[in-house]
Amino acid sequence: MKKTLLVTGGAGFIGSHVVRLFVNKYPEYNIVNLDALTYAGNLENLKDLDQAPNYVFEKGDIRDSVLVDELFVRHNFDGVIHLAAESHVDRSISDPMAFITTNIIGTVNLLNSAKNHWKDSFSGKRFFHISTDEVYGSLGKEGFFYETSPYDPKSPYSGSKASSDHLVRAYGHTYGLPVIITNCSNNYGPNQFPEKLLPLAINNIKNLKAIPVYGKGENIRDWLYVEDHARAIDLVYHKGRDFETYNIGGHNEWTNISLIRKLCEVMDRKLDRKAGTSAKLITFVKDRAGHDMRYAIDASKIEAELAWVPSLQFEEGLEKTVDWYLANEDWMNRIISGDYEKYYEQQYEKR
Ligand code: NAD
Ligand code: DAU
């Protein structure tokens, strides 16, 4: 069936994998990628789609309600997959306002346009909001985040994502807008901006620079390969139930320090370095303010309802990821010149 879908944030890390999956898998769909190309957006992530006849890029800001409305009129979207966001916790701590405006107001602009443009009939329409497990707060040693877990966000980033989740549900409840939300754990894989732990560490190891590990490195994250997240988004978009929430996670918990040690082993092997060379770069630095201790997702709902399971074992995913960064040095080098250097100095010189 012909459809036009709006994907927001498609030039970012997860968004680019989602756009690629949809453009290639559904030639009968038109995929419109709306992205402001902030520091995190990179059209190079999608250069293989330049000639795809069913793909359109629109440069624009979701905070601009007039533009968002105009796009709904021009493209007559059947559905929205909303990924555009400010996504990095450390940046939200040093400068929260962009998180409030993009993650909250930007989301409301999209909700308003969808509601108004689809008002004659919501039939066949879907507003899919991509969210994070961080809205549930922080776990102790035991337990998991369920779809029913209470919201308890603890950083300006997770607070802004929690606000947007509440507003999405409110539009579903009040106006009947067919909304759906997923809350996913930490993604890793190709094209992730090197402010996030894994690409930052890969790049530093390659350049024999210190690997900054916050606090004692005991915080735990649940890692999922990005293409497995994109597959889950495809399944939920097509087979999920309106007004539902689905948690997505990798059953793959690592303390930061054991993850970095594992990465060091892989990097030594790939770079033909003597075993133990990379681990010497590990440097414990000042902890992140309000650092969440542990995230772990119970993904049994999406597994039971939609038969989704992660396809990759972590060891395989990590190898693929390292291979990609080592083979795409130009991608990394273009990013780490200029503004990235300034950011890196501000974040890490003082730690
Ligand atoms: P990212 O930072 O790599 O990409 C975000 C994209 O949004 C960029 O292309 C950027 O240019 C665009 N963008 C930012 N502000 C915009 C604005 N005002 N208007 C239009 N576009 C704008 O983020 P990511 O890691 O790919 O995350 C994508 C989504 O998934 C986010 O909503 C995030 O909260 C969520 N999420 C991320 C993870 C993760 O581990 N990375 C896990 C769970 C959920
Ligand atoms: O859980 C999902 C979330 O995962 C997403 O919603 C966010 O958008 C995404 O950025 C990610 O958040 P984290 O804060 O968990 O990811 P980050 O890569 O920044 O950090 C992972 C862990 O590593 C965290 O405990 C902090 C730590 N860390 C991070 C950096 C950048 C370090 O020890 N050193 C570092 O230099």
**Complete:** Residue set R269, R231, R261, R241; condition more than 14 Å from ligand 1 (Cβ to nearest atom), outside any helix (DSSP H, G or I) and at pLDDT 95 or above; output residue R241
**Request:** State whether the residues of segment 294-308 include one that is in contact with a strand residue (DSSP E or B) (Cβ under 8 Å, 6 or more places away or on another chain) and farther than 17 Å from D228 by Cβ.
**Result:** yes
**Message:** Just to check your reading of the model, which residue among L34, L5 is within 10 Å of ligand 1 (Cβ to nearest atom) and either of a type in the set (F, W, Y) or under 16 Å from V68 (Cβ atoms) (or both)?
**Reply:** L34
**Message:** Can you report the number of residues in segment 304-334 which are in a helix (DSSP H, G or I), among the β-branched types (V, I, T) and out of contact with any Lys or Arg (no Cβ under 8 Å at 6 or more places or on another chain)?
**Reply:** 1
**Request:** Kindly list, by first and then second residue, each pair from a residue in segment 173-187 that is within 18 Å of L83 (Cβ to Cβ) and part of a strand (DSSP E or B) to a residue that is within 16 Å of ligand 2 (Cβ to nearest atom) and acidic (D, E), limited to pairs with Cβ atoms under 6 Å and residues at least 6 apart or on different chains.
**Result:** I181/D165; N183/D133
**Message:** Of all residues being touching a helix residue (DSSP H, G or I) at 6+ places or on another chain (Cβ under 7 Å) and of a type in the set (D, E, K, R) in segment 232-261, which is surrounded by the most Cβ atoms within 10 Å (Cβ to Cβ)? Just the residue, please.
**Reply:** D234
**Criterion violated by I14 - all others in (1) assigned to a helix (DSSP H, G or I); (2) under 19 Å from T182 (Cα atoms); (3) away from ligand 1 (no atom under 13 Å from the Cβ) satisfied** = (3)
**Prompt:** Of all residues in segment 146-195, which are of a type in the set (F, W, Y), away from ligand 1 (no atom under 12 Å from the Cβ) and closer than 22 Å to A299 by Cα?
**Reply:** Y146, Y151
**Message:** Contact list please: Cβ distance under 6 Å, first residue in segment 192-204 and in contact (Cβ under 8 Å) with a residue 24 or more places away in the chain, second residue outside any helix (DSSP H, G or I) and among the hydrophobic types (A, V, I, L, M, F, W, C), pairs at least six apart or on different chains.
**Reply:** F193/A40; A201/I211; N204/I211
**Prompt:** Could you list, in sequence order, the residues of segment 51-69 that are touching a residue at least 40 places away in the same chain (Cβ under 8 Å) and either among the acidic types (D, E) or more than 19 Å from G12 (Cα to Cα) (or both)?
**Reply:** D61, D64, S65, D69
**Residue count for segment 143-161, restricted to those that are out of contact with any strand residue (DSSP E or B) (no Cβ under 9 Å at 6 or more places or on another chain) and of a type in the set (D, E, K, R)** = 2
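The values are calculated or read from the model by the stated rules, or taken from the named source; none is laboratory data. The model shown is predicted, which means the values in this text are computed figures rather than measured ones. With ideal geometry, Cβ positions are generated from the backbone for all residues, glycine too; neighbour counts draw on all protein chains shown.
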